[in-house]
Amino acid sequence: MRVKNFSLNFGLGVFKAFSDEARVRILHLLHKEEEMCITDLEHILDFTQTKTSRHLRYLKNAGLVNSRKVDQFVYYRIKNQAQDIIGQIFQYMQKDATLLKDLETFRILYSNRELAVWKLHHQKKLYSS
(Lines give C-alpha, C1' and ligand atoms only; values in the text may rest on other atoms or scores of the structure.)
Protein backbone atom coordinates (compact mmCIF):
# COMPACT_ATOMS: atom_id res chain seq x y z
CA MET A 1 0.00 0.00 0.00
CA ARG A 2 1.51 3.28 -1.08
CA VAL A 3 1.23 6.12 1.42
CA LYS A 4 0.56 9.53 -0.12
CA ASN A 5 0.28 11.37 3.17
CA PHE A 6 -0.10 10.61 6.83
CA SER A 7 -0.88 12.35 10.07
CA LEU A 8 1.58 14.25 12.20
CA ASN A 9 1.29 11.60 14.95
CA PHE A 10 2.10 8.79 12.54
CA GLY A 11 5.07 10.73 11.15
CA LEU A 12 6.37 11.40 14.65
CA GLY A 13 6.08 7.69 15.42
CA VAL A 14 8.09 6.79 12.32
CA PHE A 15 10.84 9.30 13.06
CA LYS A 16 11.01 8.39 16.75
CA ALA A 17 11.25 4.71 15.80
CA PHE A 18 14.21 5.52 13.56
CA SER A 19 15.91 7.50 16.34
CA ASP A 20 16.93 4.32 18.18
CA GLU A 21 19.44 1.81 16.78
CA ALA A 22 17.70 -1.23 18.30
CA ARG A 23 14.36 -0.27 16.73
CA VAL A 24 16.01 0.42 13.36
CA ARG A 25 17.63 -3.01 13.42
CA ILE A 26 14.32 -4.69 14.33
CA LEU A 27 12.44 -2.80 11.62
CA HIS A 28 15.10 -3.66 9.05
CA LEU A 29 14.84 -7.39 9.79
CA LEU A 30 11.05 -7.22 9.66
CA HIS A 31 11.23 -5.25 6.42
CA LYS A 32 13.54 -7.78 4.77
CA GLU A 33 12.03 -11.00 6.14
CA GLU A 34 8.37 -9.84 6.33
CA GLU A 35 7.60 -11.64 9.58
CA MET A 36 9.75 -12.78 12.46
CA CYS A 37 9.34 -14.46 15.81
CA ILE A 38 10.43 -12.50 18.86
CA THR A 39 12.84 -15.28 19.86
CA ASP A 40 14.59 -15.07 16.48
CA LEU A 41 14.97 -11.32 16.90
CA GLU A 42 16.50 -11.86 20.35
CA HIS A 43 19.08 -14.30 18.99
CA ILE A 44 19.98 -12.34 15.88
CA LEU A 45 20.36 -9.03 17.66
CA ASP A 46 21.80 -10.54 20.85
CA PHE A 47 19.23 -8.66 22.94
CA THR A 48 17.56 -9.79 26.11
CA GLN A 49 13.91 -10.78 25.96
CA THR A 50 13.05 -7.67 27.97
CA LYS A 51 14.86 -5.30 25.63
CA THR A 52 13.38 -6.92 22.52
CA SER A 53 9.86 -6.86 23.96
CA ARG A 54 10.19 -3.23 25.04
CA HIS A 55 11.22 -2.10 21.56
CA LEU A 56 8.57 -4.20 19.84
CA ARG A 57 5.93 -2.78 22.17
CA TYR A 58 7.13 0.72 21.27
CA LEU A 59 6.88 -0.07 17.54
CA LYS A 60 3.43 -1.58 18.02
CA ASN A 61 2.19 1.44 20.01
CA ALA A 62 3.57 3.74 17.28
CA GLY A 63 1.37 1.91 14.77
CA LEU A 64 4.28 0.48 12.77
CA VAL A 65 4.04 -3.24 13.52
CA ASN A 66 1.41 -5.75 14.45
CA SER A 67 1.68 -9.20 15.94
CA ARG A 68 0.05 -12.59 15.93
CA LYS A 69 0.42 -15.41 18.38
CA VAL A 70 0.94 -19.02 17.32
CA ASP A 71 1.09 -21.41 20.26
CA GLN A 72 3.72 -19.90 22.60
CA PHE A 73 5.41 -17.83 19.85
CA VAL A 74 4.64 -14.23 18.90
CA TYR A 75 5.34 -13.14 15.33
CA TYR A 76 5.76 -9.50 14.28
CA ARG A 77 5.44 -7.80 10.91
CA ILE A 78 5.36 -4.26 9.60
CA LYS A 79 1.86 -2.95 9.06
CA ASN A 80 0.80 -2.45 5.45
CA GLN A 81 0.31 1.29 5.86
CA ALA A 82 3.89 1.68 7.16
CA GLN A 83 5.70 -0.55 4.65
CA ASP A 84 6.14 2.08 1.96
CA ILE A 85 7.70 4.80 4.13
CA ILE A 86 9.88 2.29 6.00
CA GLY A 87 11.01 0.71 2.72
CA GLN A 88 11.93 4.11 1.31
CA ILE A 89 14.02 4.96 4.37
CA PHE A 90 15.85 1.63 4.20
CA GLN A 91 16.77 2.24 0.56
CA TYR A 92 19.22 4.82 1.88
CA MET A 93 20.70 2.39 4.40
CA GLN A 94 21.00 -0.71 2.23
CA LYS A 95 24.78 -0.92 2.56
CA ASP A 96 25.00 -0.35 6.30
CA ALA A 97 27.40 -2.91 7.81
CA THR A 98 25.38 -3.51 10.99
CA LEU A 99 22.13 -4.11 9.11
CA LEU A 100 23.85 -6.43 6.63
CA LYS A 101 25.44 -8.37 9.50
CA ASP A 102 22.01 -8.83 11.11
CA LEU A 103 20.67 -10.31 7.86
CA GLU A 104 23.66 -12.64 7.56
CA THR A 105 23.18 -13.79 11.17
CA PHE A 106 19.52 -14.51 10.40
CA ARG A 107 20.41 -16.51 7.31
CA ILE A 108 22.94 -18.59 9.27
CA LEU A 109 20.45 -19.23 12.09
CA TYR A 110 17.75 -20.13 9.57
CA SER A 111 20.00 -22.52 7.63
CA ASN A 112 21.13 -24.17 10.88
CA ARG A 113 17.49 -24.59 11.92
CA GLU A 114 16.61 -26.10 8.55
CA LEU A 115 19.57 -28.48 8.80
CA ALA A 116 18.53 -29.51 12.32
CA VAL A 117 14.95 -30.19 11.16
CA TRP A 118 16.23 -32.21 8.22
CA LYS A 119 18.51 -34.29 10.48
CA LEU A 120 15.71 -34.88 12.98
CA HIS A 121 13.35 -35.93 10.21
CA HIS A 122 15.87 -38.40 8.77
CA GLN A 123 16.77 -39.81 12.19
CA LYS A 124 13.10 -40.56 12.80
CA LYS A 125 12.98 -42.40 9.49
CA LEU A 126 16.02 -44.48 10.44
CA TYR A 127 14.62 -45.45 13.84
CA SER A 128 11.14 -46.19 12.54
CA SER A 129 12.42 -48.54 9.83
- request: Please find, within the range 22-50, the residue that is surrounded by the fewest Cβ atoms within 10 Å (Cβ to Cβ) out of those that are outside any loop (DSSP other than H, G, I, E, B) and among the polar types (S, T, N, Q).
  value: THR50
- request: Starting from the range 48-62, keep only residues that are farther than 13 Å from ILE78 by Cα, then list their pairs with residues that are among the small types (Gly, Ala, Ser) whose Cβ atoms are within a distance under 6 Å, requiring at least 6 positions of separation or different chains.
  value: HIS55/ALA22
message: Among the residues of the range 14-41, what is the count of those that are under 22 Å from LYS69 (Cβ atoms) and of a type in the set (Val, Ile, Thr)?
response: 3
query: Restricting to the range 65-79, what's the tally of residues that are without any contact (Cβ under 8 Å) to a residue 12 or more places away in the chain and either under 12 Å from GLU34 (Cα atoms) or not hydrophobic (A, V, I, L, M, F, W, C) (or both)?
result: 5
query: Looking only at residues in the range 72-129 that are more than 23 Å from SER53 (Cα to Cα) and outside any helix (DSSP H, G or I), which one is modelled with the lowest pLDDT?
result: SER129
message: For ASN9, only one of the following conditions fails: (1) assigned to a helix (DSSP H, G or I); (2) crowded, with 18+ Cβ neighbours inside 10 Å. What is its number?
response: (2)
field: Hits in the range 55-82 (condition: more than 14 Å from the chain's Cα centre (by Cα) and surrounded by fewer than 14 Cβ atoms within 10 Å (Cβ to Cβ))
entry: ASN61, LYS69, VAL70, ASP71, GLN72, ASN80
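The values are calculated or read from the model by the stated rules, or taken from the named source; none is laboratory data. None of these values were measured; they are calculated from a predicted model. Methodologically, a virtual Cβ is constructed for each residue, glycine included, from the backbone with ideal geometry; neighbour enumeration extends over all protein chains shown.
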